[in-house]
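The structure follows.
The values are calculated or read from the model by the stated rules, or taken from the named source; none is laboratory data. Remember, it's a predicted structure, so these values are computed and weren't measured experimentally. Here the Cβ positions follow ideal geometry from the backbone for every residue, glycine too, while neighbour counts run over all protein chains shown. Just the protein is used for accessible areas: all its heavy atoms, side chains included, with ligands, DNA and RNA removed. Shrake-Rupley method; radii C 1.70, N 1.55, O 1.52, S 1.80 Å.
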Amino acid sequence: MDKIIYVIGIGEDGAGGLTPQSLSRVQESEVLFGGERQLSFFSRYSGEKIVLQGGMEAFADKLEGLYRERQTVVLASGDPLFYGIAGFLVRRFGPQHVEVVPHYSSVQLAFARLGDSWQDAELVSLHGRPITGLAQRIDGRHKVALLTDPVNNPAFIAAYLLEFGMLEYEAFVCERLGGPEEVCRFWELDKMARHDFAPLNVVILRRKPESTAGVRRGFAYPDEAFEQRKPEKGLITKREVRALVLSELNLAENAVVWDIGSGSGAIAVECARIARFGRVFALEKERVNLPTMEANRRKFRADYTIVHSKAPEGLDKLPDPDAVFIGGSGGELADIIAQSAGRLRPGGVIVVAAITIETLYGSMEALREAGLNPEVTHLQASRGKPIIGMTRLEGMNPVYVVSGTKAEC
């Protein structure tokens, strides 16, 4: 075992579930790392037991000073390479110094209890991660497996899904998988939201066969699909403009996006569904628009963050963006562009939709001042309208889409 860290997966069945070789590795080691629960399975262990605590870096630093001199084993739940500690250790110490011996993963066991395949499931870890954005990540998926934690527990997950009207899913919750007190059963979301579950659990969501809920595809959704403020409609970036804006934003799946002057939230909706692993912040100064933004957030299952603020106020509280869309500026266009450009990540882009010559000129000047080379597209679109059994074209207001990209470092 010289200069090798053995990372051994272990389940709720404890030492009895290990292979003879893995059990031998543990018994022959001089130092045994693990959580309190895993270490308790080896009450007769004669070496030094060290509880994993204090964060990954602190643990790795301690491990660094031990494994070269003493035979060391690290115990980890299930498959240590599935959202586990092993990947971190391989990156830190190199694959030549780490050998991983996996156990059944919790997800693998849960699907076995369900009696269903899992190669086509969406796998999401909420362990130590915020639930924000889960709605767009899983919307339309047939099967989803969720790793939970004490905050993101099954009841909390159910309440979140109910918020977005995801009633097409039934839940299968497995508690204490692999142990003598294992419980696996189906739940309706409303009952699941009111139940107390054991701390160790896995949640599988499966689309009900009888569900008629449609699957939303594509982007640049029709204007009429969005909730709009009544009786005054029109606070929405029109479909044709949204398509061009989304192309200019060129979002990665993990992008951080600012939608400034969000209005109805249409751009925020589209961005959240494209950047499904990212974060989208929709700033709006008019309180009267907030209910409409919230309605579209839920309707489209686009879990963006609504910020009631007049930009540039409030921007300092947001994470640095990969993309910024400015649909309304409240007379603060130059300051908004300057602050956005200063915070923009390398390779990021600012896009402005301008309907007046003054906004076009101001945005191009502000982008130049910020060191971004502006590009502009004049969009003049027409929509077909019926007229006595025929079709005529009705022109829409022209829009200038201005963009500037920050250089890569």
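Would you mind working out the accessible area per residue for region 205-351, using a 1.4 Å probe, and quoting it in Å²?
Using a 1.4 Å probe on heavy atoms only, each residue of region 205-351 averages 44 Å².
What ranking do 284-294, 71-81 get when scored by the average of other Cβ atoms within 10 Å per residue, highest first? Don't skip to the answer; put the middle values down first.
Values: 284-294: 17.2, 71-81: 23.2.
Answer by packing, highest mean first, reads 71-81, 284-294.
Obtain the nm distance between the two label points defined at Ser24 and Glu210 by a simple spin-label model: each point lies 7 Å from its Cα along the Cα-to-C-beta direction.
The two pseudo-label positions are separated by 5.6 nm.
Extending each Cα 7 Å along its Cβ direction at Ser309 and Ala338, get the distance between those two points in nm, one decimal.
Calculated label separation equals 1.8 nm.
Let me ask you something else. Once fully extended, how much extra length lies between Glu57 and His127, figured as 0.36 nm per residue of separation less the alpha-carbon to alpha-carbon distance?
Working: separation 70, 0.36 × 70 = 25.20 nm, distance 1.80 nm.
The Glu57-His127 span can extend by a further 23.4 nm.
To continue, here is another question. Leaving ligands, DNA and RNA out of it, work out the accessible area of Lys62 with a 1.4 Å probe and give it in Å² to the nearest 10.
110 Å²
Further, regarding this structure: Reachable aspartates and glutamates from Lys230, Cα under 16 Å, same-chain residues fewer than 8 places away excluded?
Candidates past the 8-residue exclusion: Glu286, Glu294.
Still on this model: Based on the mean of other beta carbon atoms within 10 Å per residue, what is the order of 221-227, 52-58, 170-176, most packed first?
Numbers: 221-227: 15.1, 52-58: 11.6, 170-176: 20.4.
Going from most to least packed, we get 170-176, 221-227, 52-58.
Okay, moving on. If I compute solvent accessible area with a 1.4 Å probe over the protein chains, what percent of it on the chain is carbon and sulfur? List each step's numbers first, then the result.
Values: 10020 of 20040 Å².
Answer for the chain: carbon and sulfur cover 50 percent of the accessible area.
Quick one: length gained pulling Val183 to Asn250 fully straight, 0.36 nm per residue minus the C-alpha distance? Don't jump to the answer; show the numbers that get you there.
Values: separation 67, 0.36 × 67 = 24.12 nm, distance 4.54 nm.
Taking Val183 through Asn250 to full extension adds about 19.6 nm, to one decimal.
Cα centroids of region 118-195 and region 17-66: how far apart, whole angstrom?
Region 118-195 and region 17-66 have Cα centres spaced 31 Å from each other.
Please give every one of the aspartates and glutamates within straight-line cross-link reach of Lys191, meaning a C-alpha to C-alpha distance under 18 Å, and leave out same-chain neighbours fewer than 8 residues apart.
Candidates past the 8-residue exclusion: Glu163, Glu168, Glu170, Glu175.
Starting from the Cα-Cα distance between Ser46 and Ser117, subtract it from 0.36 nm times their residue separation and give me the gain in nm to one decimal.
Working: separation 71, 0.36 × 71 = 25.56 nm, distance 4.14 nm.
The span from Ser46 to Ser117 would gain 21.4 nm if fully extended.
State which helices in the chain qualify, where a helix is a whole DSSP H run, it must extend 27 Å or more along its own axis by its Cα atoms, and its mean Kyte-Doolittle hydropathy must be at least -0.5.
Numbers: long enough: none.
Qualifying helices, which must be both long enough and hydrophobic enough, do not occur.
Cα-Cα pairs above 36 Å in the chain: how many percent? Walk me through the numbers on the way to the answer.
On the way: 35626 of 83436 pairs.
Summing the P(r) of the chain above 36 Å gives 43 percent of all pairs.
When you have a sec, figure out the Kirkwood radius of region 273-409 from all distinct Cα pair distances and drop it here in Å to one decimal?
Working: mean 1/r = 0.0599 Å⁻¹.
One over the average 1/r among Cα pairs gives 16.7 Å for region 273-409.
So for the pair Ile388, Arg141, with labels modelled 7 Å out along Cα→Cβ, what separation do we get in nm?
Here the modelled spin labels are 5.6 nm apart.
Which FRET efficiency, nearest 0.05, do Val288 and Met396 yield, Cβ-Cβ r, R0 22 Å?
Numbers: r = 25 Å, r/R0 = 1.13.
Computed FRET efficiency for Val288 and Met396 comes out at 0.35.
If you average the alpha carbon positions of region 212-269 and of region 364-395, how far apart do those two centres end up, in angstrom?
16 Å
Over every pair of different alpha-carbon atoms in region 102-192, take the mean of 1/r and invert it; report that Kirkwood radius in Å. Write down the numbers at each step before the final one.
On the way: mean 1/r = 0.0726 Å⁻¹.
By the Kirkwood definition, the hydrodynamic radius is 13.8 Å.
Continuing with the same structure: Using a 4.7 Å cut-off between beta carbons, which cysteines in the chain end up with no partner cysteine at all?
Here Cys271, Cys409 come out as lacking a disulfide-compatible partner, given the Cβ-Cβ threshold of under 4.7 Å.
Would you mind getting me the FRET efficiency between Asn373 and Arg70? Use the beta-carbon distance for r and R0 = 60 Å, nearest 0.05. Could you put the intermediate results ahead of the total?
Numbers: r = 59 Å, r/R0 = 0.98.
That pair, Asn373 with Arg70, gives E of 0.55.
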